[in-house]
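The values are calculated or read from the model by the stated rules, or taken from the named source; none is laboratory data. Because the structure is a prediction, the values reported are computed rather than measured. Cβ placement follows ideal geometry from the backbone for every residue including glycine, while neighbour counts extend to all protein chains displayed. Please note that ligands, DNA and RNA were not included when accessible areas were found on the heavy atoms of the full protein model with its side chains. Shrake-Rupley method; radii C 1.70, N 1.55, O 1.52, S 1.80 Å.
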Amino acid sequence: MKICVLVKQVPDSDSLIKIADDNLTIIEDGITSTTNECDTYALEEALLLKEKHGGEVVVCSMGKDSAVQVVKDGLAKGADRGIMITDEKFENFDALATSKVFASVLKDENFDLIFTGLQSDDTGNAQVGVILAELLNTSHSSLVIGTEMVGDTVIKVKRELEGGWAQWTELDLPASLTIQSGLNKPRYASLRGIMMMKKKPLQTMSASDIDLDDIATKAETKQIYVPQKTKETEFISGSPDEIVEQLMEKLTNEIKVLG
Ligand SMILES: Cc1cc2nc3c(=O)[nH]c(=O)nc-3n(C[C@H](O)[C@H](O)[C@H](O)COP(=O)(O)OP(=O)(O)OC[C@H]3O[C@@H](n4cnc5c(N)ncnc54)[C@H](O)[C@@H]3O)c2cc1C
């Protein structure tokens, strides 16, 4: 079985994020970067499937040069091969344009499974895995919280639904799955894994290596800002019946938490 896992480099959630004066970017000085959280679960799931059924796990990332670290981390944990895509031309790509780059790089590899995280912790479009399925014409399931192979050509997946419900469904391979955090226990890289990583194949690609028509990115960031929080205290007075009546009115028509 051949599995590709997309791993994105994102700012560590413990970093203090400051917005730059242009209100379009963040100040990167002093920020530590890490692998997007659900991508680490996606990688673990791929490694577990490989350990059970054999095959190859390939980690692939797109981003600045520094993002190669998340590919190396994946190799140190046990992936067999890495692909790093980096080019300034792709820098402000939205989820659709990003997916087109990945589709172009991955299409001839004929992966049985492509795992992405459910969404990235920074820009959080939750789109790339879904769009990739469409572009590569594969089956797709989102919000995956469990996987189980059925023979060589079908995968059974458990999907998270709303209100604590879940659903099992079967998909023909090839399939693109978006993986939710928490479905397994991501491993740490061992010292041996870190040493082995240095000998594993890591291919670096730029725009000139990729067969792409002119891709126009369609989403544009207008402004980034810290959500404004406002607080207001209002005293309701009157008899108990009047207070209840006013409260019901506010909860129903103003705050709209009662139907
Ligand atoms: C030079 C360069 C600089 C970039 N700088 C930034 C930046 O500063 N901030 C930023 O957010 N993006 C950056 N990108 C990447 C790109 O713009 C985003 O990846 C893209 O917009 C996807 O959006 P998303 O993360 O919201 O997707 P989502 O749909 O939320 O991502 C879902 C899943 O798809 C996979 N995925 C998505 N994007 C990538 C990726 N790039 N690499 C590997 N897996 C991925 C992951 O598994 C992720 O969990 C850069 C790209 C390049 C080439």
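What are the residues whose amide H is under 5 Å from the amide H of Leu24, where those residues sit 5 or more places off or on another chain and H is modelled from the backbone?
It is Ile224, by chain and number.
When Lys and Arg each count +1 and Asp and Glu each count -1, what net charge do the other residues less than 15 Å away from Thr233, Cβ to Cβ, add up to?
0
Taking the simple approach of a point 7 Å from Cα along Cα-to-Cβ for both Lys89 and Thr153, what is their distance in nm?
Distance between the two pseudo-spin positions: 3.9 nm.
Work out the length of the dipole vector of the stretch 1-88 about its Cα centre, built from +1 on the beta-carbon of each Lys and Arg and -1 on the beta-carbon of each Asp and Glu, and round it to the nearest 20 debye.
It comes to approximately 500 debye.
Which percent of the accessible area of the chain is formed by carbon and sulfur heavy atoms (probe 1.4 angstrom)?
49 percent
Trypsin sites (Lys or Arg not before Pro), restricted to the stretch 217-259: which are DSSP loop and have at most 11 other Cβ atoms within 10 Å?
Sites meeting the loop and neighbour criteria: Lys218, Lys222, Lys229, Lys231, Lys256.
Percent antiparallel among DSSP beta bridges with both residues in the stretch 2-209, to the nearest 5?
If I count the DSSP bridges inside the stretch 2-209, around 40 percent turn out antiparallel.
Any idea of the accessible area per residue across the chain, 1.4 Å probe, to the nearest Å²?
With the other protein chains kept in place, the chain gives 61 Å² per residue.
Which chymotrypsin sites (Phe, Trp or Tyr not before Pro) in the stretch 163-193 pass both tests, a DSSP loop state and at most 11 other beta-carbon atoms within 10 Å?
Hits after loop and neighbour filter: Trp165, Tyr188.
Would you mind calculating the relative contact order of the stretch 115-187 from Cα pairs under 8 angstrom and at least 6 residues apart, reporting the percent as a whole number?
RCO, the stretch 115-187: 37 percent.
Charges at C-beta only: +1 for Lys and Arg, -1 for Asp and Glu. How large is the resulting dipole of the chain about its Cα centre, in Debye rounded to 20?
Its charge dipole is roughly 1160 debye.
Which pairs, out of Lys89/Lys156; Lys89/Lys185; Lys64/Lys107; Lys77/Lys218; Lys89/Lys229; Lys50/Lys89, put more than 31 Å between their alpha-carbon atoms?
Pairs exceeding 31 Å: Lys89/Lys156; Lys89/Lys185; Lys77/Lys218; Lys89/Lys229; Lys50/Lys89.
Any idea what angle helix 68-77 forms with the longest principal axis of the chain, computed on alpha-carbon atoms, 0 to 90 degrees, nearest 10?
In the chain, helix 68-77 runs at an angle near 70 degrees to the longest axis.
Taking each pair of distinct Cα atoms in the stretch 57-154 once, what is the resulting Kirkwood hydrodynamic radius in Å?
Hydrodynamic radius (Kirkwood, Cα only) of the stretch 57-154 equals 14.6 Å.
Give the shape of the stretch 2-209 as rounded, prolate or oblate, defined through the alpha-carbon gyration tensor: a ≥ b ≥ c are the square roots of its eigenvalues, a/c under 1.5 means rounded, and otherwise the shape is prolate if a/b is larger than b/c and oblate if not.
rounded
Return a whole-number percent for the relative contact order of the chain, with Cα pairs under 8 Å and 6 or more residues apart as the contact set.
23 percent
Based on the Cβ-Cβ distance of Gln223 and Asn125, what FRET efficiency does E = 1/(1 + (r/R0)^6) give at R0 = 22 Å, to the nearest 0.05?
With a Förster radius of 22 Å, E is 0.85.
Kindly provide the GluC sites (Glu not before Pro) of the stretch 141-246 that DSSP labels as loop, not H, G, I, E or B, and whose Cβ sees at most 11 other Cβ atoms within 10 Å.
Within the stretch 141-246, the qualifying GluC sites (Glu not before Pro) (loop, at most 11 other Cβ atoms within 10 Å) are Glu220, Glu232, Glu234.
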